[in-house]
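Take a look at the structure set out below.
The values are calculated or read from the model by the stated rules, or taken from the named source; none is laboratory data. Given the structure is predicted, the values throughout are model-derived calculations rather than measurements. Ideal geometry is used to build each Cβ from the backbone, glycine not excepted, and the neighbour counts take in all protein chains shown.
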Amino acid sequence: MNNRGPRYPGYNVLDKRDTPSWNEITRKVIDHRLTLDGPKFFTLEEWLTLRALCDCIVPQRSGRAPVQCAALVDHKMELDQRDGFRPPSLPSQREAWRRGIAAINEECRERYGGAFHELTGGQQDRLLRLLEEGEASSPAWGDMPAKVFFKRRLVHDIAAAYYALPHAWNEMGFGGPASPRGYVRLDFNKRDRWEAIEQHD
Amino acid sequence: MTEDDPTRVPRAKNGRAPDVLRVGGWVPMRCFADDEQVDFVIVGTGAGGGTLSCKLSEYGFSVVALDVGPYWRPLEDFASDEHEQYKLYWTDERISGGEDALELGRNNSGQSVGGSMVHFAMVSLRFRPEWFKSRSLLGYGVDWPVDWREMWGYYREVEENLCLAGPIKYPWGPPRPRYPYRPHELNAAAKVLARGCEKLGIKWCSTPIATLSAPRGLAHPCVYRGFCIAGCSTNAKQSAINTWLPRALKAGAEIRDLAMVGRVELDANGRVRGVHYHREGQWRFQRARNVVVAGYAIETPRLLLNSACPQAPDGLANSSGLVGKYLMAHCNQGVYGVFDDEIRWYKAPPSLSLTEHWNYTDEGKDFDGGYAYMSQGPLPVEWSGTQTGNHKLWGESLLRDMERYNHYAGLKIVGECQAMETNTVRLADEKDRFGLPIANVTFAHSDNDKKLIAHAKNFMRTALEAAGGYDIWAEETETAHLMGTCRMGDDPRSSVVNPDGRTWDVPNLWICDGSLFPTSGGVNPSLTIQAMACRIADRIKALAARAEV
Ligand SMILES: Cc1cc2nc3c(=O)[nH]c(=O)nc-3n(C[C@H](O)[C@H](O)[C@H](O)COP(=O)(O)OP(=O)(O)OC[C@H]3O[C@@H](n4cnc5c(N)ncnc54)[C@H](O)[C@@H]3O)c2cc1C
Ligand code: SF4
């Protein structure tokens with residue numbers, strides 16, 4: 001684990017919630033996002049796998065990704081909010097996720113004798129690299145290529161959910177919502193009062 | 001759900017349409033009955049359809065424009081949030097395959113009244129004049145059946161309508177008047193591009209861009225919030241929804257939101273009778289003297305193919321067999337590097353500076369065509385997609401690199417794509433929510449595209465290094481903007497529409513959108529789509545005066 005402190009200590013984008021940086025609809029949608037705690041679409045068993053996958057794809061210093069990350073993936077499936085396209089080798093997103101989680105757990109059982117969330121960190125990491133390299137071998141994958149699922153659904157959906165959370169914006173020093181008030185200072189090393197301050201060591 | 005949910009209940013009805021410039025506002029709208037034979041039904045209200053709706057209604061034609069997307073009021077409906085704003089994109093399913101399968105949805109397809117321009121990045125460039133005759137003058141591609149000087153006049157008309165902000169003197173191409181509004185202040189990301197160009201001795205300039213640098217009516221100047229491709233909540237962005245369409249309404253056009261056209265109907269004489277469309281839970285039929293399809297490069301051929309009937313078994317206007325073929329997408333590779341300076345590229349529109357050097361220089365290239373490149377400013381969700389996709393990061397390495405967000409800058413091309421017959425839009429067996437077959441898209445780059453990409457990545461890497469960047473990496477696969485699939489030409493055997501935008505096969509069926517591009521050029525397409533729509537409107541007006549419409 002990394003022992004460096006946060007890059008933007010003390011910065012919390014939510015502190016701007018009641019300033020001119022946030023309009024009404026922004027407050028509404030972010031407030032709602034922070035109430036999500038899932039699962040509504042996934043079964044409890046699938047949820048355990050998804051949580052463990054989030055911990056691997058977007059690991060935290062504290063060791064656990066915020067619950068809203070998995071919950072936002074679950075929410076996307078619950079509402080079936082699609083991306084607008086899919087590769088010919090994948091079924092639609094709900095089916096892809098259901099089959100993908102089942103196949104991951106099957107692959108884990110065959111190799112390590114337990115479900116994904118029961119494995120050690122090292123085993124989880126090895127398993128994900130194997131999917132990434134296209135070396136999954138469980139028949140549970142059927143005609144769905146594990147490599148495509150890994151890239152297009154697993155990593156993509158989890159990262160897109162995580163980086164839609166204020167928690168992640170704080171880590172990056174992103175300004176967050178900005179309407180009606182945007183920014184005034186645009187030049188190198190210039191910062192408006194309502195932007196994050198970077199820690200220089 | 002609240003009663004005023006524009007994604008579920010149409011807003012433009014009963015004699016009024018939303019006033020996009022006022023919270024809760026309305027403007028009067030003329031309405032037509034379904035059995036009233038209007039002069040023009042226009043399918044799609046984006047860069048092509050929105051512009052044409054305005055021009056034709058101002059010329060006195062009766063116009064009904066249909067769009068399956070919602071009618072937004074940006075001031076109240078647009079959140080400062082990438083995730084929420086997915087509601088602007090075409091998220092109905094499409095299948096996308098081939099060696100270089102295209103990313104659709106957010107990347108290139110909108111579904112809103114106002115079309116993809118609602119979330120476009122506002123870069124508004126003219127074609128290099130020679131591109132209209134690239135076969136004759138440059139030795140590749142095909143010629144457009146139009147003259148660049150004619151287009152030059154229409155470009156100006158669009159630039160004035162959008163109050164483009166841009167430089168006094170544009171460094172490339174034939175002289176043009178100064179842009180209507182003064183250029184924007186450059187952000188640090190744009191200055192990185194400038195530094196690189198100056199070090200390498202090539203020209204750069206402030207991007208001609210469709211966001212206000214001074215007030216215009218009720219719209220305020222751009223506040224540099226940087227959410228442009230998630231929709232502009234302040235109306236500083238100038239696009240179809242807040243320029244062409246309000247003019248169209250004023251001139252008597254009717255705009256129907258949440259209205260999906262499923263089929264264009266032919267009569268026994270091979271002429272179009274009108275369109276079948278789905279709105280408020282039922283299928284309806286709007287009669288029309290003429291139909292214009294303006295659904296963009298995937299939906300336009302899809303609709304023509306879905307309209308197959310005994311008189312046209314392979315789809316409407318498809319005697320050439322070319323409907324859905326020669327799909328193009330601009331090469332759009334980015335090169336990214338880290339800087340010691342804080343860049344904070346989330347501020348301001350993403351592409352405030354650019355160079356068209358490699359569009360206007362033909363020496364020193366081992367490929368046909370050209371490219372522009374621009375400064376960048378991705379927001380977190382988009383940036384995470386680049387990091388996990390092209391940069392292949394996840395886990396600890398993803399989080400660590402995402403923390404360098406404020407120190408990154410990047411350069412990205414809009415590179416000319418060679419049209420290939422094997423890049424296609426066809427119908428899949430799968431159906432959408434209206435029961436209509438969805439699009440099956442196939443795309444692969446030509447060898448020429450690959451050479452162009454390699455040249456561009458190499459050059460931009462050197463430019464970023466010269467500007468002080470390190471840890472530089474480049475994207476493998478990335479495309480932007482769709483074009484082609486119903487190409488314009490002067491031979492019915494090798495094109496779908498004639499130089500007036502009229503289909504060769506059906507005299508009262510027209511196409512007016514990005515699908516009629518026979519070549520792509522190395523610049524973003526919307527200015528050319530709008531200019532072509534102005535030109536088609538003038539052609540229609542002239543033909544109507546001779547009773548040929
Ligand atoms: C993220 C992004 C950034 C971009 N940035 C730039 C830029 O900086 N500069 C630039 O020049 N271009 C840019 N573009 C491209 C530009 O927006 C498009 O090229 C342009 O809008 C295409 O115009 P069009 O009229 O062909 O289609 P669109 O503008 O997409 O309009 C088509 C409309 O038709 C509707 N429709 C389709 N089928 C049907 C049907 N069957 N029934 C009813 N309605 C239907 C759709 O809902 C849509 O609203 C960008 C695009 C995106 C997505
Ligand atoms: S940066 Fe300007 S154009 Fe872009 S969303 Fe903000 S106000 Fe609109």
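Couple of notes before you dig in:
- Check on B:Asp81, acidic (Asp, Glu) and either within 16 Å of ligand 2 (Cβ to nearest atom) or closer than 18 Å to B:Gly49 by Cα (or both): yes
- Residue within segment B:510-520 that is more than 13 Å from the chain's Cα centre (by Cα), buried (at least 23 other Cβ atoms within 10 Å of the Cβ) and either within 16 Å of ligand 2 (Cβ to nearest atom) or under 22 Å from B:Asp267 (Cα atoms) (or both) present: yes
- Residue list for segment B:501-549, restricted to those being closer than 22 Å to B:Val142 by Cβ and of a type in the set (D, E, K, R): B:Arg502, B:Asp505, B:Asp513, B:Arg535, B:Arg539
- Of the criteria (1) under 26 Å from B:Ala419 (Cα atoms); (2) surrounded by 24 or more Cβ atoms within 10 Å (Cβ to Cβ); (3) among the aliphatic types (A, V, I, L, M), which one B:Val113 fails: (1)
- Counted residues, segment B:87-140 - those being in a helix (DSSP H, G or I) and within 12 Å of ligand 1 (Cβ to nearest atom): 9
- Residue tally, condition touching a strand residue (DSSP E or B) at 6+ places or on another chain (Cβ under 7 Å) and closer than 22 Å to B:Ile536 by Cβ, over segment B:455-493: 8
- Residue pairs whose Cβ atoms lie under 7 Å apart, sitting 6 or more positions apart in sequence or on different chains, and linking a residue in segment B:87-104 that is at pLDDT 95 or above to a partner that is aliphatic (A, V, I, L, M) and within 16 Å of ligand 2 (Cβ to nearest atom), are B:Leu88/B:Val118.
- Within segment A:159-201, tally of residues that are part of a loop (DSSP other than H, G, I, E, B), farther than 20 Å from B:Leu352 by Cα, of a type in the set (A, V, I, L, M) and more than 7 Å from every other protein chain (Cβ to nearest Cβ): 3
- From the list B:Ser233, B:Ser239, the one residue that fits, being within 14 Å of another protein chain (Cβ to nearest Cβ) and touching a residue at least 24 places away in the same chain (Cβ under 8 Å), is B:Ser233.
- When the residues of segment A:77-119 are filtered to those that are crowded, with 19+ Cβ neighbours inside 10 Å and among the aromatic types (Phe, Trp, Tyr), the one that is nearest to the other protein chains (Cβ to nearest Cβ) is A:Phe85.
- Per-region count, segment A:120-129, residues farther than 13 Å from A:Leu154 by Cβ, more than 10 Å from chain B (Cβ to nearest Cβ) and assigned to a helix (DSSP H, G or I): 4
- Count of segment B:192-248 residues which are more than 14 Å from ligand 2 (Cβ to nearest atom), of a type in the set (Val, Ile, Thr) and either surrounded by 23 or more Cβ atoms within 10 Å (Cβ to Cβ) or modelled with pLDDT under 95 (or both): 1
- Residue-level analysis places B:Leu164 outside the set of residues that are within 14 Å of chain A (Cβ to nearest Cβ), within 16 Å of ligand 2 (Cβ to nearest atom), over 30 Å from B:Asp491 (Cβ atoms) and buried (at least 18 other Cβ atoms within 10 Å of the Cβ).
- Restricting B:Ile536, B:Ile472 to those that are at negative phi, in a strand (DSSP E or B) and not hydroxyl-bearing (Ser, Thr, Tyr) reduces the list to B:Ile472.
- Picking from residues in segment B:356-395 that are among the small types (Gly, Ala, Ser) and under 23 Å from B:Cys197 (Cβ atoms), the one that is surrounded by the fewest Cβ atoms within 10 Å (Cβ to Cβ) is B:Gly364.
- Scanning segment B:422-433 for residues that are of a type outside the set (Gly, Ala, Ser), touching a helix residue (DSSP H, G or I) at 6+ places or on another chain (Cβ under 6 Å), touching a residue at least 40 places away in the same chain (Cβ under 8 Å) and in a helix (DSSP H, G or I) turns up nothing.
- Members of segment B:191-213 that are more than 16 Å from ligand 1 (Cβ to nearest atom) and assigned to a helix (DSSP H, G or I): B:Lys191, B:Val192, B:Ala194, B:Arg195, B:Gly196, B:Cys197, B:Glu198, B:Lys199, B:Leu200
- Among the residues of segment A:141-158, those identified as part of a loop (DSSP other than H, G, I, E, B) and in contact with a Gly (Cβ under 8 Å, 6 or more places away or on another chain) are A:Met144, A:Pro145.
- Residue count for segment B:214-224, restricted to those that are more than 16 Å from ligand 1 (Cβ to nearest atom) and either away from chain A (no Cβ under 14 Å) or in contact (Cβ under 8 Å) with a residue 24 or more places away in the chain (or both): 7.
- Meets criteria (more than 16 Å from ligand 2 (Cβ to nearest atom), closer than 27 Å to B:Ala12 by Cβ and more than 10 Å from chain A (Cβ to nearest Cβ)) for B:Gly115: yes
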